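Here is the structure we will look at, set down as structure tokens.
The values are calculated or read from the model by the stated rules, or taken from the named source; none is laboratory data. Note that the structure is a prediction, hence the values are computed from the model and not measured. Methodologically, a virtual Cβ is constructed for each residue, glycine included, from the backbone with ideal geometry; neighbour enumeration extends over all protein chains shown. To get the accessible areas, we keep the full protein, side chains included, count just its heavy atoms, and leave off ligands, DNA and RNA. Shrake-Rupley method; radii C 1.70, N 1.55, O 1.52, S 1.80 Å.
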Amino acid sequence: AYAENKAAVDRYGSLAVRYKGDNLEAVLVADTTLWGNATYGHADDGWTVTLGGNYKFSNGLKLIAFGQYFDKMFHNANARAGVVRSGLMAFTNNAGYGQVDGWGASLGVNYPLFGGTVKFAVNYRDMDNQTGYDFNRWTVAGAYDYELSKRTSLYALAGFSQEKIKKNGESVKPNGCQATVGLLHRF
């Protein structure tokens, strides 16, 4: 562990503004990370700006959207799983993403159906790093959530993700899918 007054420690700060009206919710978040030199050497400090929100129509349909821009942020390759992570690590010679700049966007819907809620989302992310790699990822996911009581629900979800990684005219497209069924109980 590193003491707080040492250069090895990462420091983080953020500021957010939220609006909540009858049918509209929106949030704007700006944050910065002052990278410590223990993990990333003398990497430039990173920052992110995110704008998102949702709007609920009278028929119960909820539209959800967000956009994000980031600069000099580290993206953890370990957050990726299975074939997508294996393809990423093989193509980058185990370097992963590194420090990246880019943007992302997401659009989703929730709709009440048969006593539960149907959910669908499409996400896109475009980023590049300082060593010349370009990363583009599409993710599509759908789910159904059914409440059995105030604290217990059943859910099923499925998703697909594909990452395109390019450098020097070469590219790979690792992809993966996931399906899950479960029971959630809130204590």
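Miscellaneous remarks
- Any hit, the range 176-184, residues being outside any strand (DSSP E or B), open to solvent by less than 40 Å² (accessible area, probe 1.4 Å) and touching a helix residue (DSSP H, G or I) at 6+ places or on another chain (Cβ under 6 Å): no
- Whenever a residue of the range 72-94 is closer than 12 Å to Glu163 by Cβ, its partners that are open to solvent by 50 Å² or more (accessible area, probe 1.4 Å) and at pLDDT 80 or above, lying with C-beta atoms within less than 7 angstrom and at least six residues away or across chains, give the pairs Val83/Asn175; Val84/Asn175.
- Residues that are hydrophobic (A, V, I, L, M, F, W, C) and at pLDDT 95 or above, drawn from the range 1-60: Leu15, Ala16, Val17, Leu24, Ala26, Val27, Leu28, Val29, Ala30, Val49, Leu51, Phe57
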